[in-house]
Amino acid sequence: MRIPCFPGLLVAFVLLIFPAAHRQFNSQSLGTDSASEQNMSESSIRFAYQAIDFKLDSDETPDRHAPETMAGGVAVFDYNNDGKLDIFFTNGANIQTLKKDSPKYSNRLFENDGHGHFTDVTEKAGLAGTGYDTGVAVGDYDNDGCEDIFLAGVHRNTLYHNNCDGTFTDVTAKAGLNKPDPQYGPLWSVAAAWVDVNNDGLLDLIVINYLKWDVNHEPDCEGYGHRDYCHPKMYPATPNQLFINNGNGTFRDTSFEAGFRSHPGKGMGVAAADSTLSGRMDLFVTNDKLMNSFFVNKDSGKFEEAAFDENVALREDGVYISGMGTDFRDLDNDGYPDIFLVALDGETFPLYRNTGKGSFVEVTRESGMTRLSLPMAGYSPDIADFDNDGWKDIFVSRGHVQSLASSNNLTIAQPNTVFRNLGGMKFAALTSEAGFTSFPPSRHRGSAVGDLNGDGRLDVVVSALSAPAEIWINQSPNQNHWLEFKLQGTKSNRDGIGARIKLVAKSGAQYNHMTTACGYASSSAGPVHFGLGKDASADLVEVHWPSGIVQTLKNVEADRVVVVKEAAK
């Protein structure tokens with residue numbers, strides 16, 4: 001028997017030897033166990049499927065080229081500033097030429113009418129694209145009040161400037177982002193994040209690179225008697241990049257000075273948060289079958305890699321896993337952002353609680369996540385309060401990395417799942433209960449979150465390989481209140497990325513922060529959302545801007561979007 005060469009190698013071997021365990025995993029993967037039903041009578045999370053006219057085409061071939069299984073970034077953002085969140089999908093290209101030589105490979109932008117109906121405006125906007133695009137990052141890099149788009153792709157990245165008139169212009173060359181790496185040549189970028197790393201009021205660009213890949217030198221890997229996608233060990237690692245915003249529409253590569261070049265990896269996800277409340281955004285990067293990276297922001301554009309010291313480099317048993325997407329937000333309402341990432345079946349979805357003392361402790365088992373996630377293959381996690389009860393939940397887009405040819409041996413197509421936060425770092429897995437089995441399972445990839453119909457409940461948009469994209473409209477049956485804060489920086493960057501918000505209501509305090517980076521290769525760029533439960537107002541709201549300015553609001557009525565413009569110090 002030849003052991004397949006692909007992510008999840010050990011898992012596949014175990015499942016092959018113990019088919020009974022595999023059958024048990026499959027049955028659990030479609031629903032939840034009895035522990036998930038506790039506390040369900042008080043509140044729940046439910047979604048209804050809504051179609052959208054997009055099908056991700058990654059140009060899958062029998063040769064199983066690695067990028068074919070890695071496509072699918074999604075962005076939810078307001079491209080025309082009408083107060084309604086729109087949807088953008090990245091798409092693939094001809095795998096041999098890496099060019100969009102057919103309309104089926106077009107990226108797609110859909111404009112929202114505010115009632116959850118979407119119109120394709122891609123051609124008018126000028127966003128069809130030219131290359132093999134994987135990830136998307138949204139951020140207003142020139143502080144003109146209009147959201148710009150960065151696309152991470154295979155051997156080509158693209159920066160689109162928002163012209164504030166419904167159109168975009170490709171400014172990649174003008175911005176200085178079109179140069180191949182001097183050591184590695186053309187890089188395959190999977191994800192990116194906009195972060196003001198030096199707090200100068202300008203968003204800088206973090207680019208996460210995956211593997212050194214060449215279509216003409218693809219390894220031949222066999223799985224279950226057929227060719228399939230290879231294990232990442234078959235490809236060399238590459239470093240991540242930092243591009244500092246010069247403030248004149250151009251960027252300079254400071255990856256070496258920042259410390260990124262010393263730590264090549266196989267990055268798949270990036271999340272940004274101020275882990276120690278120092279006023280600087282740190283970066284967590286998932287790596288595929290390698291140690292994760294944790295870049296501590298030391299100010300002035302310099303970072304220290306400290307994943308091992310922070311206790312987030314590996315699972316607590318020291319095993320390499322297929323680190324996919326990630327999110328980095330406060331899950332236990334103690335004011336410190338926690339880290340969650342997803343992986344393949346048999347590897348679990350690790351959860352790291354921030355101790356507030358400059359380190360993390362893994363609580364995957366204690367939270368129930370080990371047992372709940374063991375049968376699942378995940379790609380894109382999004383931390384958000386989907387039932388507005390004051391506790392952030394976790395949505396996970398699910399699907400295996402292997403091709404559909406392995407369906408007789410692995411659960412390749414899977415439904416999505418939302419893990420409801422029961423409080424105190426305890427979770428219940430809702431799959432069929434949340435409505436996700438009302439649509440056929442798929443190989444889901446990117447996901448992004450936002451309130452698409454203005455009802456105060458967060459909806460989800462998901463892409464899937466060679467299958468229709470999915471909108472999941474939140475129909476959670478409760479009357480909980482909510483608040484959203486749309487930040488407008490003046491001294492800080494216009495998006496307010498990096499701003500921390502503390503909200504105090506009768507039920508207690510909770511925390512969130514502004515970032516557009518989320519999940520796998522995706523971007524959620526809506527206002528900062530809080531669920532208030534039964535509280536009809538917030539007694540106190542504190543906004544800690546990246547500039548150091550602290551702004552206070554009192555007695556804020558619920559169930560509305562509040563625009564907060566950074567005040568003078």
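The values are calculated or read from the model by the stated rules, or taken from the named source; none is laboratory data. Since the structure is predicted, the reported quantities are computational estimates derived from the model, not experimental observations. Reconstructed Cβ throughout: ideal geometry from the backbone, glycine too, with neighbour counts over all protein chains shown. What goes into the accessible areas is simple: the full protein's heavy atoms, side chains included, and nothing from ligands, DNA or RNA. Shrake-Rupley method; radii C 1.70, N 1.55, O 1.52, S 1.80 Å.
Using a simple charge model, +1 on the beta-carbon of Lys and Arg, -1 on the beta-carbon of Asp and Glu, nothing else, what dipole does segment 187-258 show about its Cα centre, in debye to the nearest 20?
So the magnitude is around 60 debye.
Report the Cα centroid-to-centroid distance between segment 95-126 and segment 322-382 in angstrom, as an integer.
33
For segment 136-213, divide the Cα radius of gyration by the Kirkwood radius and give the resulting Rg/Rh value with two decimals.
0.98
Which one of Leu127, Leu211, Phe77 is farthest out on the positive end of the charge dipole of the chain, using unit charges on Cβ (Lys, Arg +1; Asp, Glu -1) and the Cα centre as origin?
Value: Leu211.
Taking 2.2 N^0.38 Å as the expected size of a compact globular protein, what ratio does the Cα radius of gyration of segment 167-257 give against it, to two decimals?
Working: Rg = 16.9 Å, N = 91, 2.2 N^0.38 = 12.2 Å.
That works out to 1.38 for segment 167-257.
Counting each DSSP H run of 4 or more residues in the chain as -39500 (n - 2.57), what helix-only mean residue ellipticity at 222 nm follows after dividing by all residues, to the nearest 500 deg cm²/dmol? If you can, show how the numbers build up before the last one.
Values: 7 runs with 41 residues, N = 569.
Estimated from H runs of four or more residues: -1500 deg cm²/dmol.
What accessible area per residue, rounded to a whole number of Å², is obtained for segment 258-349 using a probe radius of 1.4 Å? Before the final figure, lay out the partial values.
Details: 2620 Å² over 92 residues.
I get 28 Å² per residue for segment 258-349.
Only four residue types carry charge here, +1 at the Cβ of Lys and Arg and -1 at the Cβ of Asp and Glu. Report the dipole size of the chain about the Cα centre in Debye, rounded to the nearest 20.
Numbers: 48 positive and 73 negative charges, 146 e Å.
Once rounded to the nearest 20, the dipole reads 700 debye.
Taking a threshold of 21 Å on the Cα-Cα distance, which of the pairs Lys99/Lys212; Lys104/Lys174; Lys104/Lys124 fall above it? Can you show the working numbers first?
On the way: Lys99/Lys212 19 Å; Lys104/Lys174 28 Å; Lys104/Lys124 17 Å.
Flagged as over cut-off: Lys104/Lys174.
At a 1.4 Å probe radius, which order do Thr61, Thr364, Thr490 fall into by accessible area, largest first?
Values: Thr61 25, Thr364 0, Thr490 80 Å².
These residues rank, largest area first, as Thr490, Thr61, Thr364.
Could you order peptides 417-427, 383-393 by the average number of other Cβ atoms within 10 Å of their residues, highest first? It would help to have the intermediate numbers written out before the result.
Values: 417-427: 22.2, 383-393: 25.3.
Packing order, densest peptide first, comes out as 383-393, 417-427.
Roughly how many whole Å is it from the C-alpha centroid of segment 468-519 to that of segment 180-233?
Taking the Cα centre of each part, segment 468-519 and segment 180-233 sit 29 Å apart.
Tell me, what is the Rg over Rh of the chain, with Rh the Kirkwood radius over Cα pairs? The partial results should precede the final answer.
On the way: Rg = 21.5 Å, Rh = 23.1 Å.
We get a ratio of 0.93 for the chain.
Residue farthest toward the positive end of the dipole of the chain, with Cβ of Lys/Arg at +1 and Asp/Glu at -1: which of Cys221, Ala273, Ala429?
Farthest towards the positive pole: Cys221.
Normalised by the residues of the chain, what does the relative contact order come to in percent, with Cα pairs under 8 Å and at least six apart? Don't skip to the end; give the middle numbers.
Numbers: 1707 pairs, mean separation 97.0, N = 569.
Worked out over the chain, it gives 17 percent.
If you add up the charges near Lys506, with Lys and Arg at +1 and Asp and Glu at -1, over every other residue whose beta carbon is less than 9 angstrom from its beta carbon, what do you get? Mind dumping the intermediate values first?
Working: positive: Lys534; negative: Asp535, Asp539.
Overall, the nearby charge balance is -1.
Kirkwood hydrodynamic radius, segment 324-398, all distinct C-alpha pairs: what's the number in Å?
On the way: mean 1/r = 0.0801 Å⁻¹.
Mean inverse Cα-Cα distance, inverted, gives 12.5 Å.
Just the number please: accessible area per residue for segment 420-569, 1.4 Å probe, all protein chains included, in Å². Let's see the in-between values first.
Numbers: 4960 Å² over 150 residues.
Here the per-residue accessible area is 33 Å².
Using a cut-off of 29 Å between alpha-carbon atoms, which lysines can reach Lys426, once sequence neighbours fewer than 8 places away in the same chain are excluded?
Reachable lysines: Lys289, Lys357, Lys392, Lys502, Lys506, Lys534.
For the charge dipole of the chain, defined by +1 on Lys and Arg C-beta atoms and -1 on Asp and Glu C-beta atoms about the Cα centroid, which residue among Gly153, Pro527, Ser255 has the Cα displaced farthest towards the positive pole?
Farthest towards the positive pole: Ser255.
For the chain, with all protein chains present and a 1.4 Å probe, just round the carbon and sulfur fraction of the accessible area to a whole percent.
Working: 9660 of 19430 Å².
Result for the chain: 50 percent of the exposed heavy-atom area is carbon or sulfur.
Roll a 1.4 Å probe over the protein chains and send me the accessible area per residue for segment 93-223 in Å². Let's see the in-between values first.
Values: 4760 Å² over 131 residues.
Per residue, segment 93-223 has an accessible area of 36 Å².
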